[in-house]
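Beneath this line is the structure, given in structure tokens, with notes to follow.
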Amino acid sequence: MIKTVDLKKTFVGRDQTVHAVDGISAHIKPSEVVVIIGPSGSGKSTYLRCLNGLETLTSGQIIIDGVDLSAKKTDLNLVRREVGMVFQQFNLFPHKSVLQNIVLAQQVVRKRKSSEALEKARMLLQKVGIAEKENEYPIRLSGGQQQRVAIARALAMDPKIMLFDEPTSALDPEMVGEVLEVMKQLAREGMTMVVVTHEMGFAREVADRVLFMDQGKLVEEGTPEHFFTAPQEERTKTFLRQVL
Amino acid sequence: MNTNRNTWPWNLLTIAILFTLCAGLWAATKKIDYTWRWNRVPQYFIYHDETLIPAPFDGQVATISKLGDKTQIKVLGDNGEEETFEVDSNGIEVFEGETLFEGDYLGATFEWRAGPLLVGLWTTLWLSAAASIIGMVIGLITGLCRVSNNPTLRSLSVFYIELIRGTPLLVQLFIFYFFLGTVLDISRIMAGISALAIFAGAYVAEIIRAGIQSIPKGQMEAARSLGMNVPQAMIHIILPQAFKRTLPPLAGQFISLIKDSSLVSVIAITDLTKSGREVITSTFATFEIWFVVAFLYLLLTSVLSQVAAWVERRLAVSD
């Protein structure tokens, strides 16, 4: 489903060059839930953002569903329709109501009829459990509710893959659960998911595979059991000791 | 903040200060030798125009038939000609059987006509409206060029903005009228409108640019991640939010434009300011007319700021 080959992303600043992603090769299979963990600044968010073309690659290759993202003639907009993304800061459109947030891209990008888009939006709001808020503006919702709307907005495009960039990091602790619950449900339904998170509980419970990144490199990967109980690398052990 | 606290003593003080200022001004004008003639002003807004109808040939009035406000006068010529005229009943100047010579007045029709001040106000209004709309379009395009990734578009827009903001509007008007007007053969009205529009466009572009840049990056990323291309994201996500944020400075810019439009009087466009000057030459009521002209500009600008405030309130539903 997703294949990255020696992926590199370098940010060139005035007085320093940062290798945010430094040669990551990974293969994510359909319906797999992959959780990427690592200390802050390890390049995990940058890696995720490369997967839907929000960051341009410095070198390497990404192939999503058979389409080479790094090829010049690839229309990224077509790829992005198939790859949903959920952001740390929700990024709901503040000038649109909850319903309009979910309807807009369906109409503009997928060219769906208004009735069809509305039906889909209401169905998804039901699914994420905030059907009664459809006419509210985002600012009137709690963080957890906003993130659930953001998930519904991404799902409305019928993506084949969902990317989550620290979806619960900006939430008050009591709201983390409701968002994770929606994500677990998605995983059960067989969605291909790549999740950058600090929620070790989620990784342990839901992930098929855990990737541990540090300083732009893939340090270790494995099943949650292996990863949390018998990590091989010294760097992984140190990190886990700090967070668990 | 407690706004319910008694504010009326302060309001009273405000009124007292304003009243004192007015009284002082009035006392000062008493000292100079100036006769106020406010009664001369209204006719320059609207006046009752009289059109006299002359007899076309020698002859006599055959019949006069009154039909309400209008009266029909039938005139028989000495050589057998016959013609009927219609005049206002209160403007009739002949009686039945009266002998007429060519050029004698049969009567008059009256109608209300807009005076020079009203015509000037109208000119200022549509001139500013046209320049605002064109200026908005120019500003929007330039603002988008200003934030684009293309270096040529960016440099060109910066060049335009710096050029316009760095020179006085008055000089620009002269260049548009004398130079471009001659070279491109455009009328003075077109020269005036384009100079104002291009002037406003430069400022609008900077406002739009600031507006676009004030929208968090995540908005564009969210739109792109849903598969929208840049124009779609701009139209549906970025510009509506930027417009909402920039409404107050945009309104200010267009209010300025209305006031700046008074400069077109230097290229002999009969706008409100030039009409005012013309009326003064025929009335010598200098003080009164300038006060009236100022009031009329104030009327236009305050209507615009009320409209802007209304739109702002409408857009505030998502706050």
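The values are calculated or read from the model by the stated rules, or taken from the named source; none is laboratory data. Keep in mind that this is a model prediction, so the values were computed, not measured. Positions of Cβ are backbone-derived with ideal geometry, glycine not excepted, and every protein chain shown enters the neighbour counts. In case anyone asks, the SASA skips ligands and DNA or RNA and just uses the protein heavy atoms, side chains included. Shrake-Rupley method; radii C 1.70, N 1.55, O 1.52, S 1.80 Å.
Set the Förster distance to 45 Å, then compute FRET efficiency between residue A:17 and residue B:153 from the Cβ-Cβ distance, nearest 0.05.
That pair, residue A:17 with residue B:153, gives E of 0.95.
Across chain B, how large is the tail of the calculated P(r) beyond 28 Å, expressed as a percent of all Cα pairs? Don't skip to the answer; put the middle values down first.
Details: 32409 of 50721 pairs.
That fraction is 64 percent.
First select every other residue whose beta carbon is under 9 angstrom from the beta carbon of residue B:206; then total the charges, Lys and Arg +1, Asp and Glu -1.
On the way: positive: B:146, B:165, B:209; negative: none.
Charge balance near residue B:206 sits at +3.
I want the antiparallel fraction of DSSP beta bridges within the range A:106-228, as a percent rounded to 5. Write out the running numbers ahead of the final one.
Values: 5 of 10 bridges.
Given both bridge residues lie in the range A:106-228, the antiparallel proportion sits at roughly 50 percent.
If I fit a long axis through the Cα atoms of helix A:98-108 and take the longest principal axis of the Cα atoms of chain A, what angle between them do I get, 0 to 90°, rounded to 10?
Approximately 80 degrees, to the nearest ten.
Using a Förster distance of 25 angstrom, determine the FRET efficiency expected from the C-beta separation of residue B:66 and residue B:102, and round it to 0.05. Working shown, then result.
On the way: r = 25 Å, r/R0 = 1.00.
Approximately 0.50, to the nearest 0.05.
Could you check the simple spin-label distance between residue B:90 and residue B:40, using points 7 Å along Cα→Cβ, in nm with one decimal?
Spacing of the two 7 Å Cα→Cβ label points: 2.6 nm.
Take the alpha carbon atoms of the range A:168-244, find their center, do the same for the range B:157-224, and report the distance between the two centers in whole angstrom.
Result: 53 Å between the Cα centres.
Enter the mean number of other protein chain beta carbons within 10 Å of the beta carbon of each residue in A:93-102, as an integer. Please list the in-between numbers first.
On the way: counts 10, 9, 11, 5, 2, 0, 0, 2, 2, 0.
Mean inter-chain Cβ contacts per residue within 10 Å come to 4.
Just how far, in whole angstrom, is the range B:19-89 from the range A:22-57 if you go by their alpha carbon centroids?
86
Once the piece of chain linking residue B:235 and residue B:50 is laid out straight, how much longer is it, given 0.36 nm per residue of separation minus the C-alpha distance between them? All intermediate terms of the calculation are to be shown ahead of the outcome.
Details: separation 185, 0.36 × 185 = 66.60 nm, distance 5.55 nm.
This chain segment gains 61.1 nm when fully extended.
Amide H to amide H under 5 Å from residue A:23: which residues, 5+ apart in sequence or cross-chain, H placed 1.01 Å off N in plane?
Amide H neighbours of residue A:23: A:7, A:8, A:9.
Take every DSSP beta bridge whose two residues both sit in chain A, then give the antiparallel share in percent to the nearest 5.
Approximately 55 percent, going by the DSSP bridge assignments.
What residues have an amide H closer than 5 Å to that of residue A:211, excluding those fewer than 5 places away on the same chain, when H is modeled at 1.01 Å from N in the peptide plane?
Those lying under 5 Å, H to H, from residue A:211 are A:35, A:36, A:37.
Summing -39500 (n - 2.57) over the DSSP H runs of n ≥ 4 in the protein assembly as shown and dividing by its residue number, what mean residue ellipticity at 222 nm do you reach, to the nearest 500 deg cm²/dmol? All intermediate terms of the calculation are to be shown ahead of the outcome.
Working: 19 runs with 272 residues, N = 563.
That calculation yields -15500 deg cm²/dmol at 222 nm.
Using 1/(1 + (r/R0)^6) with R0 = 22 angstrom and r between the beta carbons of residue A:114 and residue A:68, what's the FRET efficiency to the nearest 0.05? Mind dumping the intermediate values first?
Values: r = 35 Å, r/R0 = 1.59.
Efficiency, rounded to the nearest 0.05: 0.05.
Exceeding 27 Å between C-alpha atoms, which entries from my cross-link table qualify? They are A:9/A:29; A:113/A:184; A:113/A:160; A:8/B:217.
Values: A:9/A:29 23 Å; A:113/A:184 30 Å; A:113/A:160 21 Å; A:8/B:217 23 Å.
As for pairs spanning more than 27 Å Cα to Cα, those are A:113/A:184.
What residue among B:90, B:57, B:112 has its Cα farthest toward the positive end of the dipole of the range B:45-135, where the charges are +1 on Lys, Arg and -1 on Asp, Glu, each on the Cβ?
Of the candidates, B:112 comes out farthest on the positive side.
Considering only protein heavy atoms and a probe of 1.4 Å, how much of the accessible area of the protein assembly as shown is carbon and sulfur, as a whole percent?
About 58 percent, which is the carbon plus sulfur part of the accessible surface.
Are there DSSP H segments in chain B that both extend 15 Å or more along their axis (alpha-carbon positions) and score a mean Kyte-Doolittle hydropathy of at least -0.5? List them, or say none.
On the way: long enough: B:8-31 (35 Å, 0.93); B:116-146 (42 Å, 1.60); B:151-165 (21 Å, 0.65); B:188-214 (39 Å, 1.19); B:239-260 (28 Å, 0.18); B:272-283 (16 Å, -0.29); B:286-315 (44 Å, 1.22).
Helix filter hits for chain B: B:8-31, B:116-146, B:151-165, B:188-214, B:239-260, B:272-283, B:286-315.
I'd like the orientation of helix A:173-188 relative to chain A: the angle between its Cα long axis and the longest Cα principal axis, in ° from 0 to 90, rounded to 10.
With rounding to tens, the tilt is 90 degrees.
Using 5 Å bins from zero, what percent of all Cα-Cα pairs in the range B:101-214 falls into each bin?
With a bin width of 5 Å, the distribution comes to 2, 11, 15, 16, 15, 11, 7, 5, 4, 4, 3, 2, 2, 2, 1, 0, 0.
Where both partners of a DSSP beta bridge lie in the protein assembly as shown, what percent of those bridges are antiparallel, to the nearest 5? Please report the intermediate quantities before stating the final value.
Numbers: 48 of 65 bridges.
Roughly 75 percent of the beta bridges in the protein assembly as shown run antiparallel, per DSSP.
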